[in-house]
Each structure stands twice: as structure tokens, then as C-alpha cells.
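Structure, as C-alpha cells:
Please treat every number below as a calculation from the coordinates, not as lab data. All figures in this text were calculated on a predicted structure; none of them were measured in a lab. Cβ coordinates were reconstructed from backbone atoms using ideal geometry, including for glycine residues, and neighbour counts include every protein chain displayed.
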Amino acid sequence: MSNLLSIRQQFETSLSPIYDREEITNLFHITCEHILNLKRMQFTLRMQEALTGEELQQFNLILEQLISGKPIQHILGKAPFYGMEFFVTEDTLIPRPETEELVDLIIKDAQDKSGLRLIDIGTGSGCIAISLAKHLQDARVEAVDISAAAIHVAQENARQHQVNIDFKCLDILEWELTFDDQQRFDIIVSNPPYITQEEKEAMHRNVLQFEPHTALFVEDAAPLLFYDYIASFAEQHLEKDGVLYFEINQYLAKETKDLLLKKGFADVQVLNDINAVPRMIKAKF
């Protein structure tokens, strides 16, 4: 009869060619919590308990998909972000901790303000826009993405978290054809595609096989393409005292800052994430 200890050993044996030991342990405990509602700290007390046939089947099904490289978030159909849970599919990026830091920065900067108008460009699952709508008082939030499938996911997440967001499916590279000249925003935020083709070679196969490439990668010849266009959008549509926020490629922090300075931003700050890596930029005119 299988118990949790034997299942953990099976995870370690089967997944060791794909993940390091720490990641395998995390995947196992995420699976335990999903199937058994068992917190990590409870494992030792229950590791000898026998599993039912149905529970064993669920563990095996998830393990099979993990062996294929499929991310646990896509297997379970959900991912945590900023204290909430978001529905995710292969049409959206899996929310990352680095992006939580970007959201936290904006909330701390704007926590004493109300009625702000903001737009999230390249919204994906909607995690940035929804988190900001939940935490900023009376904010009027718009969110755009080129993918209709991603917009559908974001709309589902907005309904789940009971926030009102105006979602639009559009290509920000053609923003001049879409936005009224008079539209203004107090906050413009984006986590655009920024991984170069050269960096792509070093990425884990579960990202390459299961996450949308249009949301991740840019051509080596134009790595700052989206930053360029969004900065131009901000020139036209950011309020006088508004702020532009980006998540950035750590290897292109200086180049991104220089681009914004050339666009006319006078105050451009590169900010490190929790790992002391340059990961965010905030800019004002």
C-alpha cells in the first residue's frame, strides 16, 4: 500500500532529470496540498498514512504531467500571486514573484491616492491589473493584451476577484490607431516581452514548451522594442505627474534607462528585486 513517503520518493526519482532537489520537494508539497489539503508542516506527522486508490491515481496523474515538463501551475490551473489565486492556462504567463515586487512598489507609491487612472499593457492573466484594482482606492483600471485567449483568462480572474477592469484586445505596437488623443493615465505599467533569443537557449524546457512565446521573447536585433513603443505611448498619454513602471531585463537595465531618458523622462530609477537584480524601472517626466 502506497503512502506519502513512498510517493515522495517516486517524485524524487522520476523528476531528478528535470528539476533540482529543492524544486522537486516544492512540487511534491504543492501536490500534497492540492490533493489532500495537507500543509508542508503536517507532512512528517502523516507520511506513513496509506493513500486511497483515488488519491494515488491523482498523484500519479500529476506526476506524469510533471515528467513531461508541464508546469505545476498549468496542471492545477492556478497560480498564487500577491496573496491571491489566479486561473492560468498555456495562453498566459505564469505569474512570477518578481512581478509581485513590481505590484508592491506601485501600491506603496500610490497607497495614499484615490481615483487613479491606470493601464496595464500586456496583461496576460490580469494579475497586475487585478492586484492593483484590489489595493488602490477607487482606481479606474484598463488592461490590454494582443492575445484574445489571454484576455479571456484575465476576464475570468477579474470576475473571480470581483474587480471592474476594462479589458481590450489590441496590439500596443499600433497604439496610435486605438487610443483617443485625450486619454490620460496616472500610472502606466507593463511587464512586456524582454527575453532575447540568446537567453532563450538557457531557459528551462517547461517554459519553452508550455508558456506563450509572444509574451516572453523578443528578437536580438530589437530587444527594447516594446519599451520603445510603450514609452512613446506614455509621452502622449501619461499625465503630467504620472508614473511609468516597467519590469525589465536585468541585462539591459542601462540600455532601458538610456532609452527612457532619450524619450524625455527626467527622473528614471532602476530598482533591484529581492535578489539584488535590476528588475524594475519607474520613470517620470
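Figures for the structure shown
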| read-out | value |
| --- | --- |
| Stretch gain in nm, segment His152-Lys284, where the contour uses 0.36 nm per residue and the Cα spacing is subtracted | 44.3 nm |
| Residues with amide H under 5 Å from that of Val243, placed H, sequence gap 5 or more | Ile187, Ile188 |
| Per-selection Rg to Rh, the chain - Cα, Kirkwood hydrodynamic radius | 1.02 |
| For segment 225-239, Karplus couplings with θ = phi - 60° (6.51, -1.76, 1.60), whole Hz, Gly/Pro x | 3, 6, 4, 4, 5, 5, 5, 5, 4, 5, 4, 8, 10, 8, 4 |
| C-alpha long axis of helix 53-67 to longest principal axis of the chain, angle in ° | 50 degrees |
| Highest average packing first - 141-150, 178-187, 250-259, Cβ atoms within 10 Å | 141-150, 250-259, 178-187 |
| Sequence-separation-based contact order of segment 137-196, relative, with Cα cut under 8 Å and 6+ spacing, percent | 35 percent |
| Note, ³J(HN,Hα) from phi for segment 14-22, Karplus 6.51, -1.76, 1.60, rounded to Hz, x at Gly and Pro | 6, 9, 4, x, 10, 10, 7, 4, 4 |
| The chain: calculated mean residue ellipticity at 222 nm from DSSP helix runs of at least 4, using -39500 (n - 2.57) | -12500 deg cm²/dmol |
| DSSP-defined beta bridges in the chain - what % are antiparallel, rounded to 5 | 40 percent |
| The chain: relative contact order in percent, alpha carbon pairs under 8 Å with at least 6 residues between | 14 percent |
| Choice from Pro17, Pro223, Pro71 with maximal GNM fluctuation in the chain (Cα, 10 Å cutoff) | Pro17 |
| Cross-link pairs beyond the 27 Å C-alpha cut-off, checked among Lys134/Lys257; Lys78/Lys257; Lys168/Lys284; Lys254/Lys284 | Lys134/Lys257; Lys78/Lys257 |
| Amide proton proximity set for Ser125, modelled H, under 5 Å, gap of 5+ | Leu93 |
